[in-house]
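The values are calculated or read from the model by the stated rules, or taken from the named source; none is laboratory data. Bear in mind the structure is a predicted one, so any value in this text is a computation, not a measurement. Every residue, glycine as well, gets a Cβ built from its backbone with ideal geometry; the counts of neighbours run over all protein chains shown.
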Amino acid sequence: MTAIRYKAVDSKPPKWLALYDIETPEVANSDDYNALRAQASDNEKMILSKLGSRSYVHNGTFTGTETTSEDLPTKYVWVVSLEVASEGEDDLDRWYKEEHMDLLSKVPGWKRGRRYRLVDFDQRGGLSEAPVCKHLTLHEFDNKDFMATPEFKRATSTEWQARVLAKFVRKEVRLFELYRDFGKRPEIL
């Protein structure tokens, strides 16, 4: 398991994002994983009782041709959460695979994009009542000024994207900055 914590660049809630790469969503319910919770301090247990969690299944990774393992994790992660009308699902997948990720890979500082599909969520603590989007994409950048580049504007203004956007039911876009990389914990995998 890898664990990375990010802090929001904007002022919207939530202010923090924790990402855990695990083999399968079931790992989050395993005895080893739950043992970690049991070892938590009272303060940590109180915090955990208020945190929502989401489990996603990996749906594809697109890595820049010059990206190396030393480039990851990046300083910034651009989080895109989407809900699309059912008739737009196939077009969304094709757009990501055939156009969008390729164009984003040309944006200075882009290192990797990873797509996920929601399998489970728990909105504890009442911190957010907003519906959870089914699609999640994490775009990893080494700078936060990528949105001002001509390459980014090109990647986000195509005819195909306009067609896909018309099928969006809900969209949330956030930028987070790396706070701490906890590294790998292979004993939990």
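When S128 is tested against (1) hydroxyl-bearing (S, T, Y); (2) modelled with pLDDT under 95; (3) buried (at least 18 other Cβ atoms within 10 Å of the Cβ), just one condition goes unmet, and that condition is (3). Restricting the search to segment 27-81, which residues are more than 19 Å from K15 (Cα to Cα), touching a strand residue (DSSP E or B) at 6+ places or on another chain (Cβ under 8 Å) and of a type in the set (A, V, I, L, M, F, W, C)? The answer is A28, V57, F62, L72. In segment 1-96, counting only helices (runs of 4 or more DSSP H) that sit wholly within it, none holds 3 or more residues that are within 21 Å of F168 (Cα to Cα), modelled with pLDDT of 80 or more and among the hydroxyl-bearing types (S, T, Y).
Residue by residue, here is whether (1) aromatic (F, W, Y); (2) in contact with a Lys or Arg (Cβ under 6 Å, 6 or more places away or on another chain); (3) over 26 Å from T67 (Cβ atoms) holds:
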site	(1), (2), (3)
P131	no, no, yes
L138	no, yes, no
D142	no, yes, no
P150	no, no, no
A155	no, no, no
T158	no, no, no
Q161	no, no, no
V169	no, no, yes
L175	no, no, no
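Restricting attention to segment 128-165, the residues that are in contact with a strand residue (DSSP E or B) (Cβ under 7 Å, 6 or more places away or on another chain) and basic (K, R) add up to 2. On the stretch given as segment 82-95, residues that are aromatic (F, W, Y) and touching a strand residue (DSSP E or B) at 6+ places or on another chain (Cβ under 6 Å) total 0.
So that you can scan it fast, the table gives a plain yes or no per residue for (1) at pLDDT below 95; (2) over 19 Å from the mean Cα position of the chain (by Cα); (3) surrounded by 14 or more Cβ atoms within 10 Å (Cβ to Cβ):
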position	(1), (2), (3)
D102	no, no, no
G109	no, no, yes
R115	no, no, yes
L136	no, no, yes
P150	no, yes, no
R154	no, yes, no
S157	no, yes, no
L178	no, no, yes
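Checking each residue in segment 77-100 for being in contact (Cβ under 8 Å) with a residue 40 or more places away in the chain, more than 19 Å from the chain's Cα centre (by Cα) and closer than 15 Å to R117 by Cβ picks out only G88. If you scan segment 55-82, which residues turn out to be acidic (D, E) and farther than 22 Å from M147 by Cβ? Residue satisfying the conditions is E70 alone.
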